[in-house]
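The values are calculated or read from the model by the stated rules, or taken from the named source; none is laboratory data. Source: prediction; values computed, not measured. All Cβ positions, glycine included, derive from the backbone under ideal geometry; neighbour counts span all protein chains shown.
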Amino acid sequence: MKNYILVVAMLLTIQFTNAQPKIDDDVNTSAINLVILNDNGDVLLKKATIGWITIGAFYEKRHTINEVIDSISNKYGVSITKPNLKGVFTYKFDFNNSLSVRQIYVAKSTTSDLPTNKNVEFRWAPKDEAIEKFKSTIPSLGEMIAQIIDYPQVVWGGSFLIKRENKKMTSTIAEDFYPISDASTYRESTYNPSVVKALQKYMEGSSYNKREMLLSAFADNATLYLTNRDGDFKRYSPNEYADFFKNAEKGKFNGREAKILEVKVTKDIATAKVEIAGPNRAWVYIDLFLLKKFKNEWKIISKTATRVDNVKKNAVLFVVSNAHYYANTDISTGNSFSEIINAYDVFKKANYTIDFVSPKGGAVPLAYINTSDEMSKKYLYDTQFMNALKNTKSPSEIDASKYKAVQYIGGGAAMFGVPENKEIQTIAMNIYEKYNGIISSVCHGTAGIVNLKTKDGKYLVDGKRVSGYPDDYENKDAPYFKTFPFLIKRTIEERGGHFKFSERGKFTLEVDGRLVTGQNFQSSKPVSLKIIELIAAMKK
C-alpha cells in the first residue's frame, strides 16, 4: 500500500475550493475532475493555493453531469470536445461515515490556447510533468490521473481511505485500481505493467513524433516486417522505422490513435496486439508485437502489421486484346509488354488497383518482351502480375463505377478485337461520362478509341488533340500492315480529331480534357503519371 501525507488544506483542495459540507459532517459528496488535453497531448493545469490541480466542481443530485461540465467549461472559458468518463474513485473517511465520489472525465481542447478566464492562472504541461505536479500537490489525484492517461481505453475504479492523525490527514489506497469497463482489454496488462509500459512508449512515440521514445521501446537488434507504400514487403530496423517520423514536429499529435487490444505473457516472452487508427478512422492497422524481457525491462523484438479497414483504392482498367495473330494470317502479334509494365508500375506505386479486361477474357498474348530490361524481368517473374494477364476479365465482369480511368494498351494486337467491341466501348464511355473518369491510350492502343461516341452521338475524338502510333511510321510494304482494318491517324482525322506526333523514339503526350493519349511505349509512364495527377486534382 502507498501512503500519502495530506495536510488539511490539500484535502480541501480536492474539494475544488468550492463551498461544501465540513469534513466532520456525515455527508456524502460527489465531485468531477475534468482532465483536458490538447492536440499535442499536453495537460491543462490550474493554479490553486497549494499547487497545480485540474479544474472541477461539486455537483448535487438535482444537477445532471452534463450541466456540471457545461458550467465548468463556461466558468473557466474552456472550449472542449465531448468529455468521456475515465475514472470513478471513492474517498472513505475513518473518522466519520461520509463517502466522497470522484468522477474523472477526459476531454480534448478545441484549441491550444489557454482558457479565457484571466482571473485564474493556467498552463499546458507535457503529460509526465503534469502528473508530477499533481502528485506534488495531491498525491492521490496524481495517481488517479496517471492511471487514466497511461491506460485510456477503459474506465478505472479504486478507493482511498482517509485517516486523521494529530490534525494531519493520511491517504492510503484501500483498493488497487481496477478496470470497470472493457476489463478483458487490460487483464494481462494489469498483471504485467512493464509490458504495457513498453507498448506505451511505442504508441506515444509514434503518435507524437517522439523518435527517442519510440526507439526506447525496441531492442537494438529488433526486426520489423512491414509492407511499404509501393506494396513491397520489407524488413526494417528500429532506426529505419523511427526515421518515418523524423521530419514531423516533435511532440505534436499526428492523428494516430493507438489502443492495446491484447497482451499475453508466458514467462519472459509476450505477444501483443495494438490497433492504430488514422484521423476519423480513415485507415486502421493492427500491429502485432513479440516482446522479450531483458533483466527487468521488456523490449519489442519484432513487429509486423496489416491493414484491416475496407480500403477504397483508386482503380484503373487496362484494355488488352486476345488477338494472337495479325487478322487471319500466321504472323504473330500481341500486347506490348513494355507498355503494360511501364504503366502498371506507375499505378502500383501510387497504390492503385489495376484490372485487365479483354474482349474474350482469359489469357492474352504478349509481345516486345526484353529480358535484359530490369523492369521487364521484375514483372516477368512476378507471379501475381502474370496471373492477372493469364486471367483477364471479360467485359461482363466489369463494374464501370469502380474505375477512375481506362487505358488502352498498344501492340499489334490492339488493332484487332478491341476497337469494334461494343461492350468495352460501353464500359469506357460509362467511366468517362457517367463516372467522370479518364480515357487514355498509348501507341496502337489509340485504335481502341476511334469508335467511341459520346451520348450525343459524336465521336469522342471530334475536336480533340490525340496522339498514337502514326501511320507515317508504319512499314507499308510489310505483310502485317496489309492486315490492318483501318489506319489510326487517318481515322482520327476523318472523325474530327487533331492527330499529334513527334519524331521516332520521342514521346508525345496529349491532354485534352479527360482524354490522355501518347505516341509510343516511351509515353506509357508520362500518360499514367498525368492520369494520376488529373484524378488527384479532381478530388480537391
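Can you name the residue in the stretch 331-352 that is touching a Gly at 6+ places or on another chain (Cβ under 8 Å) and either hydroxyl-bearing (Ser, Thr, Tyr) or not assigned by TED's automatic domain parsing to the domain that holds residue 525 (or both) and, of all such residues, is farthest from residue 509 (Cα to Cα)? The selected residue is 333.
Here's the yes/no breakdown for (1) modelled with pLDDT under 95; (2) of a type in the set (A, V, I, L, M, F, W, C):
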| position | (1), (2) |
| --- | --- |
| 496 | no, no |
| 509 | yes, yes |
| 516 | no, yes |
| 533 | yes, no |
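Scanning the stretch 267-290 for residues that are assigned to a strand (DSSP E or B) and among the aromatic types (Phe, Trp, Tyr) turns up 285, 289. Residues that are more than 35 Å from the chain's Cα centre (by Cα) and loosely packed, with under 14 Cβ neighbours inside 10 Å occur in the stretch 86-96; there is at least one. When restricted to residues that are out of contact with any Gly (no Cβ under 9 Å at 6 or more places or on another chain) and surrounded by 15 or more Cβ atoms within 10 Å (Cβ to Cβ), the stretch 374-401 contains 7.
Out of 537, 447, 428, I need the residue that is aliphatic (A, V, I, L, M), within 26 Å of residue 348 (Cβ to Cβ), without any contact (Cβ under 8 Å) to a residue 40 or more places away in the chain and assigned to a helix (DSSP H, G or I). Which one? First the steps, then the outcome.
Details: 447 fails: without any contact (Cβ under 8 Å) to a residue 40 or more places away in the chain; 428 fails: without any contact (Cβ under 8 Å) to a residue 40 or more places away in the chain.
It is 537.
In the stretch 93-106 there is no residue matching the filter, namely being among the small types (Gly, Ala, Ser), over 14 Å from residue 141 (Cβ atoms), in a strand (DSSP E or B) and at pLDDT below 85.
Residues are listed down the side, and each one gets a yes or a no for (1) modelled with pLDDT of 90 or more; (2) closer than 30 Å to residue 203 by Cβ:
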| site | (1), (2) |
| --- | --- |
| 33 | no, yes |
| 44 | yes, yes |
| 60 | no, no |
| 78 | no, yes |
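Annotation: of all residues in the stretch 329-352 being out of contact with any helix residue (DSSP H, G or I) (no Cβ under 8 Å at 6 or more places or on another chain) and among the polar types (S, T, N, Q), the one that is modelled with the highest pLDDT is 332.
Can you tell me which of 221, 239, 247 is part of a loop (DSSP other than H, G, I, E, B) and either surrounded by 14 or more Cβ atoms within 10 Å (Cβ to Cβ) or polar (S, T, N, Q) (or both)?
Numbers: 221 fails: part of a loop (DSSP other than H, G, I, E, B); 239 fails: part of a loop (DSSP other than H, G, I, E, B).
After applying the criteria, what remains is 247.
It is to be established whether one or more residues within the stretch 370-386 are closer than 26 Å to residue 314 by Cβ, among the hydrophobic types (A, V, I, L, M, F, W, C), at pLDDT 95 or above and in contact with a helix residue (DSSP H, G or I) (Cβ under 6 Å, 6 or more places away or on another chain). Checked against the condition, which is being closer than 26 Å to residue 314 by Cβ, among the hydrophobic types (A, V, I, L, M, F, W, C), at pLDDT 95 or above and in contact with a helix residue (DSSP H, G or I) (Cβ under 6 Å, 6 or more places away or on another chain), the stretch 370-386 yields no hits at all.
Here residue 321 clears all of (1) hydroxyl-bearing (Ser, Thr, Tyr); (2) in contact with a Pro (Cβ under 9 Å, 6 or more places away or on another chain); (3) assigned to a helix (DSSP H, G or I) except the condition numbered (3).
Here residue 297 passes the criteria (1) at pLDDT 95 or above; (2) assigned by TED's automatic domain parsing to the domain that holds residue 192 except the one numbered (1).
Among the candidates 264, 303, 293, which residue alone is assigned to a strand (DSSP E or B), surrounded by fewer than 16 Cβ atoms within 10 Å (Cβ to Cβ) and more than 17 Å from the chain's Cα centre (by Cα)?
On the way: 303 fails: surrounded by fewer than 16 Cβ atoms within 10 Å (Cβ to Cβ); 293 fails: surrounded by fewer than 16 Cβ atoms within 10 Å (Cβ to Cβ).
It is 264.
Residues that are more than 23 Å from residue 229 (Cα to Cα) and either in contact with a Cys (Cβ under 8 Å, 6 or more places away or on another chain) or charged (D, E, K, R) (or both) do occur in the stretch 328-336, at least one of them.
Of all the criteria given as (1) surrounded by 15 or more Cβ atoms within 10 Å (Cβ to Cβ); (2) of a type in the set (D, E, K, R); (3) within 16 Å of the chain's Cα centre (by Cα), the one not satisfied by residue 281 is (1).
For the stretch 403-430, how many residues are within 26 Å of residue 530 (Cβ to Cβ) and surrounded by fewer than 17 Cβ atoms within 10 Å (Cβ to Cβ)? Residues that pass the stated criteria total 1. Against the test of being modelled with pLDDT under 95, polar (S, T, N, Q) and surrounded by fewer than 18 Cβ atoms within 10 Å (Cβ to Cβ), the options 502, 524 yield a single qualifying residue, 502.
Keeping to the stretch 356-373, report how many residues are in a strand (DSSP E or B) and crowded, with 16+ Cβ neighbours inside 10 Å.
Going through the stretch 356-373 one residue at a time, the tally reaches 4.
Just the residues that are in a loop (DSSP other than H, G, I, E, B), touching an Asp or Glu at 6+ places or on another chain (Cβ under 8 Å) and surrounded by fewer than 17 Cβ atoms within 10 Å (Cβ to Cβ), please, taken from the stretch 107-154. Let's see the steps before the verdict.
Here is the first cut: in the stretch 107-154, the residues in a loop (DSSP other than H, G, I, E, B) are 110-121, 126, 138, 151-154.
Still in the running and touching an Asp or Glu at 6+ places or on another chain (Cβ under 8 Å): 112, 126, 153-154.
Answer for the stretch 107-154, where residues must be in a loop (DSSP other than H, G, I, E, B), touching an Asp or Glu at 6+ places or on another chain (Cβ under 8 Å) and surrounded by fewer than 17 Cβ atoms within 10 Å (Cβ to Cβ): 112, 126, 153.
Here residue 485 fulfils each of the conditions (1) touching a residue at least 60 places away in the same chain (Cβ under 8 Å); (2) under 30 Å from residue 350 (Cβ atoms) apart from (2).
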